[in-house]
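Data first, discussion second: the structure below is written as structure tokens.
The values are calculated or read from the model by the stated rules, or taken from the named source; none is laboratory data. Note that this is a predicted model, so its numbers are computed, not measured. When we count neighbours, we look across all protein chains shown, and the Cβ atoms used for this are built from the backbone with ideal geometry, even at glycine. Please note that ligands, DNA and RNA were not included when accessible areas were found on the heavy atoms of the full protein model with its side chains. Shrake-Rupley method; radii C 1.70, N 1.55, O 1.52, S 1.80 Å.
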Amino acid sequence: MKMNSLIAGIAVAGCALGLATPPRAAAQVSPSDFEALKKIVEQLSDKVQKLEQTHDQDQKTHQEDQQAIQKLERQLGETQLMATNAAQKADAAAQVQPVHALPSGPNASHDLTLAGDAEILFGRVHGQHGAFGLADYAPIFLYRAGDNILFEAGFDFTLSNGAGPNANTSAGTSFNFDLSFATLDYLINDYVTLVAGNMLLPLGTYSERSAGWLNKIPDNPLPRSVLPGLGVGAQLRGAIPIGAAGQMLAYSVYGVNGPSSVDGTGNSGSLDLGGNVGFLNNSRFNGTTTFANVGNLNGDPSGGARIGWFYPLKPHYDLELGASGQSGEWNNGGNLWSAFVLDAALHVSPYAEVKGEFIRTWVDTTDLGTIHPRGWWIQAAYKLAGLNLDFPMVNNIELVGRFDTLNDSLAPSTRTDRYTAGFVYYLTNTLMLEGDYEWLKPAGPGSSATPANEILCQLSYGF
């Protein structure tokens, strides 16, 4: 409006000058009058130009304001979505792992939580009869003794055919009872926790995050067999935030008894990854007392560590990378056992994930020198709910695939490749039916087995 008023003013001024000056005197305009008029026109033109620039700047500022408003609206929508997802997860967690407080009273200020899982497995190997092969119940007890003192313990009750090391055998069946883990945790501060006991080792992430009913395939990846899953010792662990975008640097440093020898020798067949859990007292091998009152089955304890980087891209999109290792003697002869693990996990939506591990070990042996049992695995999963189909039964299905390979590095060595394709059907958020078909392909000069295919079905319940 200001710009239009100035233009109209210039026109009126021109008309007024024209009317005020007689036609016959037009040629008698003095140079000074002409210059004055010219100056007035130039000043008005400058004002018009400045007003146009101001108008353009106002338009640009308005556009930027609109873009900022749209960005804030998108961020608000994402925040509301994250809040909704967090509320849903909190509700699910409350249903999955209810906290049962002890009876009220002056001394009943502690919390006890019962969690765990139960599975029943059916399997059939090609060319053989199918059967229900496993019934497993694995409760986990979580006890909070104070603001910074926690205790957790997991157990395994397993019913299967044949006898095991802890089996009570009757009429062709075996009942096994095992202590899966038991640790005492002390929260030093927000970034450091002291863990001591029979610990799940942070060699990769599989032992801590994918075992039991959390695993979407009934059996474990083949190369996990060359790593110990547990260790008796102590650990410092925690996580440090990086910046304000949600990045985290997770770490753990630990010392444990480490692997041992089943017979005291350094032969390749004597390595025991999980048996070194405490003192020996008059242990006997082949009728002869080999160790007595020995505190460790090897020369020195083992040390290990893991460092991991978690990077959230946006809600439901994140990447995690980790590197871990452990090293120490595994017999009294000074033979060394070492392991190195790389792990990765990627979520590209609420419906798709990819994860895997690369595993390599070094074992100093008396009979074969240094051998390198190794392997790697990768697993992908996709929930069909991401297709947005109006079929509830389809939306409850998650497709799963995995490839894993293992080289035992013995003489002669055997490499085993396995391909797995399957699904998970979620009857509820904690009750699921898993079905898989596996192609097992042994190879290498040490392989005597023929390729075998297998069907596995498992009903799992987590609580």
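Would you point out the residue of the range 185-211, among those that are part of a strand (DSSP E or B) and under 20 Å from the mean Cα position of the chain (by Cα), that is nearest to Leu321 (Cα to Cα)? Write out each step before concluding.
Step one: list which residues in the range 185-211 are part of a strand (DSSP E or B), which gives 185-187, 193-200.
This time we only want the ones that are under 20 Å from the mean Cα position of the chain (by Cα), so: 193, 199-200.
Details: Thr193: 21, Met199: 22, Leu200: 19 Å.
Taking the candidates together, the pick is Leu200.
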Review point. Since Asn429 meets every condition but one in (1) closer than 23 Å to His316 by Cβ; (2) open to solvent by 40 Å² or more (accessible area, probe 1.4 Å); (3) without any contact (Cβ under 8 Å) to a residue 40 or more places away in the chain, which condition does it not meet?
Key: (3)
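Can you name every residue in the range 131-144 that is aromatic (Phe, Trp, Tyr) and surrounded by 15 or more Cβ atoms within 10 Å (Cβ to Cβ)?
Narrowing the range 131-144 to residues aromatic (Phe, Trp, Tyr): 132, 137, 141, 143.
Hits for the range 131-144 are Tyr137, Phe141, Tyr143.
This table checks each residue for (1) open to solvent by less than 100 Å² (accessible area, probe 1.4 Å); (2) at pLDDT 50 or above.
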site	(1), (2)
Leu19	no, no
Pro22	yes, no
Ser32	yes, yes
Leu37	yes, yes
Asp46	yes, yes
Gln59	yes, yes
Gln67	no, yes
Check your understanding: Identify, please: which residue in the range 212-244 is open to solvent by 50 Å² or more (accessible area, probe 1.4 Å) and among the aliphatic types (A, V, I, L, M) and is, among those, farthest from Gly255 (Cα to Cα)?
Key -> Ala244
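Take the range 356-390 and flag every residue that is touching a residue at least 40 places away in the same chain (Cβ under 8 Å) and open to solvent by 20 Å² or more (accessible area, probe 1.4 Å).
Restricting attention to the range 356-390, the residues satisfying the condition of being touching a residue at least 40 places away in the same chain (Cβ under 8 Å) are 357, 359, 361, 363-368, 371, 373-377, 379, 381.
Within the range 356-390, Asp364, Thr366, Asp367, Leu368, Arg374, Trp376 meet the criteria.
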Practice item. Out of the residues in the range 160-193 that are acidic (Asp, Glu) and within 30 Å of Met248 (Cβ to Cβ), state the one that is modelled with the lowest pLDDT. Key: Asp190
Exercise for review: Answer yes or no: is there a residue in the range 145-159 that is at pLDDT 90 or above, of a type in the set (S, T, N, Q), closer than 22 Å to Asp436 by Cβ and open to solvent by 30 Å² or more (accessible area, probe 1.4 Å).
Suggested key: no
Review point. When you scan the range 322-349, how many residues do you find that are touching a helix residue (DSSP H, G or I) at 6+ places or on another chain (Cβ under 8 Å), in a loop (DSSP other than H, G, I, E, B) and buried (at least 23 other Cβ atoms within 10 Å of the Cβ)?
Key: 1
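Of all residues in the range 391-424, which are open to solvent by 70 Å² or more (accessible area, probe 1.4 Å) and either in contact (Cβ under 8 Å) with a residue 24 or more places away in the chain or not hydrophobic (A, V, I, L, M, F, W, C) (or both)?
Taking the range 391-424 and keeping what is open to solvent by 70 Å² or more (accessible area, probe 1.4 Å), we get 391-393, 399, 410-412, 415, 419, 423.
Hits for the range 391-424 are Pro392, Leu399, Leu410, Ala411, Pro412, Arg415, Tyr419, Phe423.
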Point to revise | Subset of the range 388-439 [at pLDDT 90 or above and small (Gly, Ala, Ser)] | key: Gly401, Ala421, Gly422, Gly435
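Taking the conditions exactly as written (farther than 22 Å from Thr416 by Cβ, in a strand (DSSP E or B) and under 26 Å from the mean Cα position of the chain (by Cα)), does Glu357 satisfy them or not?
Details: farther than 22 Å from Thr416 by Cβ: no; in a strand (DSSP E or B): yes; under 26 Å from the mean Cα position of the chain (by Cα): yes.
For Glu357, the condition - farther than 22 Å from Thr416 by Cβ, in a strand (DSSP E or B) and under 26 Å from the mean Cα position of the chain (by Cα) - is not met.
Here's the yes/no breakdown for (1) surrounded by 13 or more Cβ atoms within 10 Å (Cβ to Cβ); (2) at pLDDT 80 or above; (3) under 30 Å from His316 (Cβ atoms):
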position: Gln247; (1), (2), (3): yes, yes, yes
position: Ser252; (1), (2), (3): yes, yes, yes
position: Ser261; (1), (2), (3): yes, yes, no
position: Asp272; (1), (2), (3): yes, yes, no
position: Gly275; (1), (2), (3): yes, no, no
position: Phe279; (1), (2), (3): no, no, no
position: Arg284; (1), (2), (3): no, no, no
position: Phe291; (1), (2), (3): yes, no, no
position: Gly295; (1), (2), (3): no, no, no
Review point. Tell me, which residue of the range 394-422 that is of a type in the set (A, V, I, L, M, F, W, C) and within 27 Å of the chain's Cα centre (by Cα) is farthest from Gly266 (Cα to Cα)?
Key: Val394
